[in-house]
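The values are calculated or read from the model by the stated rules, or taken from the named source; none is laboratory data. The model shown is predicted, which means the values in this text are computed figures rather than measured ones. Positions of Cβ are generated from backbone atoms using ideal geometry, with glycine treated the same way; all protein chains shown enter the neighbour counts. Ligands, DNA and RNA are excluded from the accessible area calculation, which covers all protein heavy atoms including side chains. Shrake-Rupley method; radii C 1.70, N 1.55, O 1.52, S 1.80 Å.
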Amino acid sequence: MAKKNTILVKLVSSEGSGYFFVKKRNPKQLKEKLNFKKYDPVLRKHVMFNEKKLTS
């Protein structure tokens, strides 16, 4: 069985609402951290989401 190259990362709202997404990322192909502008339902507007380490 092949080893999986993807890791799970947490995308946390930059506005501090506490809302987050969990995404998969391949660190061998993508070296920089993920940044997305997505909808935050707590604040009810689009904000930047930055990658943080997912603690299990």
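Here are the numbers for this structure:
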{"quantity": "Surface per residue (accessible, 1.4 Å probe) for the stretch 7-53, Å²", "calculated": "77 Å²"}
{"quantity": "Contact order normalised by residue count of the chain, Cα under 8 Å, 6+ apart, percent", "calculated": "39 percent"}
{"quantity": "Carbon + sulfur, % of accessible area of the chain - ligands and nucleic acids excluded, 1.4 Å", "calculated": "52 percent"}
{"quantity": "Top of 23, 37, 45 by mean-square fluctuation, Gaussian network on the chain, Cα under 10 Å", "calculated": "45"}
{"quantity": "Convex hull per residue volume in Å³, alpha carbons only, for the stretch 7-53", "calculated": "63 Å³"}
{"quantity": "Most to least accessible of 20, 36 (protein chains only, probe 1.4 Å)", "calculated": "20, 36"}
{"quantity": "Contour excess over end-to-end distance, with Cα ends at residue 37 and residue 6 and 0.36 nm allotted per residue", "calculated": "9.0 nm"}
{"quantity": "Sequence of 47, 12, 42 from largest to smallest accessible area, 1.4 Å probe", "calculated": "42, 12, 47"}
{"quantity": "Proximal charge balance of residue 8 [Cβ under 9 Å; K/R count +1, D/E count -1]", "calculated": "+4"}
